[in-house]
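What follows is a short report on a single structure.
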Amino acid sequence: MFPHRLTHMLSCKEVSRLLSRGEDRRLALSERVKLRLHLLVCAACARFARQLAFMREALRRYKT
């Protein structure tokens, strides 16, 4: 059986928080697994994650 921490499905609001927190710190394994599972089934959150990655890369390039 999976521990309860892994079987809880994240809400879109929780996913947006985790995506932002992932910029500041390394997410725990359980957080990363739940995040990936949600991104596989939620097109809106997957799009948001791609947009964040795009902005992060643009800022990285702008700084140099």
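The values are calculated or read from the model by the stated rules, or taken from the named source; none is laboratory data. No experiment lies behind these values; they were computed from the predicted model shown. Cβ coordinates were reconstructed from backbone atoms using ideal geometry, including for glycine residues, and neighbour counts include every protein chain displayed. The protein model used for the area step is the full one, side chains on, heavy atoms only, and it has no ligands, DNA or RNA in it. Shrake-Rupley method; radii C 1.70, N 1.55, O 1.52, S 1.80 Å.
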(request) Within 10 Å, count the other beta carbons around each residue, average over each peptide in 40-48, 21-29, 55-63, and list them highest first. (result) 40-48, 21-29, 55-63
(message) P(r) for the chain, please, calculated from all Cα pair distances in 5 Å bins and given in %.
(response) 3, 17, 26, 23, 15, 8, 4, 2, 1, 0
(request) Would you mind working out the magnitude of the charge dipole of region 4-62 relative to its Cα centre, with +1 at each Lys and Arg C-beta and -1 at each Asp and Glu C-beta, to the nearest 20 Debye? (result) 100
(request) Compute the accessible area per residue over the chain, keeping the other protein chains in place, probe 1.4 Å, unit Å². (result) 85
(request) Just the number, please: carbon plus sulfur as a percent of the accessible area of the chain, 1.4 Å probe, no ligands or DNA/RNA counted. (result) 61
(request) In whole Hz, with x marking every Gly and Pro, tabulate ³J(HN,Hα) for region 53-62 from phi via Karplus 6.51 cos²θ - 1.76 cosθ + 1.60, θ = phi - 60°. (result) 5, 4, 5, 4, 5, 4, 5, 4, 5, 5
(request) Go ahead and estimate [θ] at 222 nm for the chain from helices alone: -39,500 (n - 2.57) per DSSP H run with n ≥ 4, summed, over the residue count, rounded to 500. (result) -25000 deg cm²/dmol
